[in-house]
Amino acid sequence: MTIAEEIKHIDEQEKRIRFSSFTPDLAFEIGTAIRAEALRRGVAVAIDIRAFGQILFHCAMAGTAPDNERWIERKIAVVTRFHRSSFLVGRKLAAAGTTIDEKSFVSPFEFSPHGGCFPIRLTDGGVIGTATVSGLPQEEDHDLVTSVLERFVQTQQDSADKNGA
């Protein structure tokens with residue numbers, strides 16, 4: 001996939017992955033589902049789900065390192081500032097041939113535009129939190145978090161369709 005195709009794909013994901021509602025219990029379910037998916041894939045990651053100004057789920061699987069926590073914080077900083085996924089921000093920077101410090105005047109020691117952090121966005125509002133994975137190559141971090149988020153959004157939509165029918 002070219003960078004332009006990646007950007008279009010991630011942009012479409014951001015339009016699709018929006019929650020009708022979000023609660024601390026849902027954050028826990030998503031976090032445990034990401035962990036289960038990582039186990040199924042045979043990979044080790046650190047996972048962080050935040051919303052409403054709180055850490056609602058955090059888990060570091062065996063095989064991760066303290067450095068993964070730092071990556072999580074730096075990816076979250078990107079999503080919190082730009083309200084876009086960390087992977088999308090990074091791919092747009094790559095396409096423009098620039099870096100986050102050159103383009104946005106922020107420190108790469110505090111902001112990491114690498115895949116793995118995705119905005120938790122409501123259908124009727126803006127970004128209320130983040131879902132983050134660290135421990136794999138950036139494309140795989142992004143895929144792990146978005147594949148699970150898409151399942152939960154689809155479940156919400158199916159439930160709304162069933163209740164509204």
Quiz item: Going by average Cβ neighbours within 10 Å, how do the peptides 96-109, 36-49 rank, with the highest at the top?
Solution: 36-49, 96-109
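Among THR123, THR32, what is the fewest-to-most ranking by other Cβ atoms within 10 Å? Don't jump to the answer; show the numbers that get you there.
Details: THR123 12, THR32 15.
With the sparsest Cβ surroundings first, the list reads THR123, THR32.
Could you give the size of the charge dipole of segment 43-128 about its Cα centre, using +1 on the Cβ of each K and R and -1 on the Cβ of each D and E, expressed in debye and rounded to the nearest 20? Show your work: numbers first, answer last.
Details: 10 positive and 8 negative charges, 55 e Å.
Once rounded to the nearest 20, the dipole reads 260 debye.
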Practice problem: For the chain, give the magnitude of the charge dipole about the Cα centre (Cβ charges: +1 Lys/Arg, -1 Asp/Glu; no others), in debye to the nearest 20. | Solution: 180
Quiz item: Given H placed 1.01 Å from N in the peptide plane, which residues other than close sequence neighbours of GLY129 have an amide H under 5 Å from its amide H?
Solution: ILE120
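With N set to the residue count of the chain, report its C-alpha Rg divided by 2.2 N^0.38 Å to two decimal places.
For the chain, the normalised Cα radius of gyration comes out at 1.00.
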Practice problem: Give the calculated FRET efficiency between PHE28 and THR123 to the nearest 0.05, with a Förster radius of 22 Å applied to their Cβ-Cβ distance. | Solution: 0.55
Quiz prompt | Distance between modelled label sites at GLU73 and ILE55, nm, 7 Å Cα→Cβ extension | solution = 1.0
Exercise. Would you mind computing, in nm to one decimal, how far apart the modelled labels at LYS103 and ALA36 are, each placed 7 Å from Cα along Cα→Cβ?
Key: 3.6
Self-check item: Extension reserve of the SER147-ASP161 stretch, reckoned as 0.36 nm per residue once the Cα distance is removed
Solution: 2.9 nm
Quiz prompt | Helix axis angle, 66-82 relative to the chain longest principal axis, alpha carbon, degrees | solution = 80
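Do the sum for the chain: with -39,500 (n - 2.57) for every DSSP H run of n ≥ 4, divided by all residues, what is the mean residue ellipticity at 222 nm, to the nearest 500 deg cm²/dmol? Present the calculation step by step, with values, prior to reporting the outcome.
Values: 6 runs with 92 residues, N = 165.
Calculated mean residue ellipticity at 222 nm is -18500 deg cm²/dmol.
Each value in this text was obtained by applying a stated rule to the coordinates, not by laboratory testing. As the structure is a prediction and not an experimental result, all values here were calculated from the model. Note that we place each Cβ from the backbone using ideal geometry, even for glycine, and neighbour counts take in every protein chain shown.
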